[in-house]
1. Quick one: what are the phi-derived ³J(HN,Hα) couplings along the range 14-27, Karplus 6.51/-1.76/1.60 with θ = phi - 60°, whole Hz, x for glycine and proline?
2. Only Cα pairs under 8 Å and at least 6 apart count here; give the relative contact order of the chain as a rounded whole percent.
3. For the chain, with every protein chain kept in place, what is the accessible area per residue (1.4 Å probe, Å²)?
4. Using the crude model of +1 on Lys and Arg Cβ and -1 on Asp and Glu Cβ, and no other charge, please compute the dipole size for the range 200-273 relative to its Cα centre, in debye to 20.
5. Any idea what the relative contact order of the range 1-157 is, in percent, if you count C-alpha pairs under 8 Å spaced at least 6 apart?
6. Have a look at the DSSP beta bridges in the chain and tell me what percent are antiparallel, nearest 5.
7. Mind grabbing the accessible area of T237 for me, 1.4 Å probe, Å², rounded to tens?
8. Write down the Kirkwood hydrodynamic radius of the range 200-273, to one decimal in angstroms, obtained as one divided by the mean of 1/r over all alpha carbon pairs.
Amino acid sequence: MVLGVIMGKEELTAQETALYDRQIRIWGVDAQRRLSKSHILVAGMTGTIVEFCKNIVLAGIGSVVLLDDRLVTREALSVNFLVPNDEEKLKGRSLAEVCCNSLKDFNSMVHVSVEKGDLSALDGEILDKFDAVVIGRASFATKKTIDGICRKRSKKIAFFTVDCRDSCGEIFVDLQNYVYNQKKNDDNVECQFHYPSLEEAVAVPWNRLPKNVTKLYFAMRVIERFEAAEGRIPGETTAADISSVQQLRGELCKANSINESRIPDELLKRLLEGTREHPPVCAIVGGILGQEVIKALSGKGNPLKNFFFFDAKDGKGIIEDISSL
């Protein structure tokens, strides 16, 4: 796999300075320069991911490489605004290829390209070409593997995952050991966050977490474990799975010494049945994800640590620090 990443760019051009003038006024020329030198790998072109891609391309990221060999489906047409409603343009083309052409129209100064292959087969040498890896819906095993590879490289690679089901969304962030400046009383104070890996975060016993941790965190872990145990592709669940999922919930709650009431039946049913993404939720969660990736790459702003959850039912966005550190 040979990745089409444009490397070595140092200074903003006059054209870039003019185009990004408004955001440079907000976060400064140094932050914009760092952003324009950054390269991102994006895997899994879900509705939430395309919202993220739109935002990051408009912001002036250096380059974006898209990875998704799946062919376009009717479901994709309903949530992916980068897919044109023209069957002739879609024949024999992957989601990544179709989305790439549309993304280029948003900002001609951002290099957008496509690579084919299996996400789980990527190695460290390939990932070294990127400053951040963003994964849409994928198996937990694949997410864990890629995050583990990112953490072992000498170059620091930011890692993000996002998943939206029904009217709910989840973002996970791993910035490893992240240093940033925070303004306090007109002074810039250096701050540092220590992030656990995805594997470490989800391994924290549930009974050690605060009692007010969102129910969505637990529910997503139950669904995740169910899909892995049954060998399901993420999102391939139905209402018929509810009894098996309830049984697994009971086993996990018992093992973690928490009450099953912390994972309501109603929430599990929503996540099992509502496997399709909702465009308004995609826009919100994709916007938050774009914001966090821009923070991480530009070094501007307080980063999220380390989970974000959104539920359109109550309209709340919640940050949870799930960590044993």
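The values are calculated or read from the model by the stated rules, or taken from the named source; none is laboratory data. Computed from a predicted model, the values in this text were never measured in an experiment. All Cβ positions, even for glycine, are placed from backbone atoms using ideal geometry, and neighbour counts span all protein chains on display. In case anyone asks, the SASA skips ligands and DNA or RNA and just uses the protein heavy atoms, side chains included. Shrake-Rupley method; radii C 1.70, N 1.55, O 1.52, S 1.80 Å.
1. 4, 5, 5, 4, 6, 5, 9, 3, 5, 6, 4, 5, 7, 10
2. Values: 565 pairs, mean separation 66.0, N = 325.
Contact order relative to length: 20 percent.
3. Result: 47 Å² per residue.
4. Charge dipole, the range 200-273, about its Cα centre: 380 debye, nearest 20.
5. 27
6. Details: 26 of 44 bridges.
The answer is about 60 percent antiparallel.
7. 10
8. Values: mean 1/r = 0.0801 Å⁻¹.
Evaluated on the range 200-273, it is 12.5 Å.
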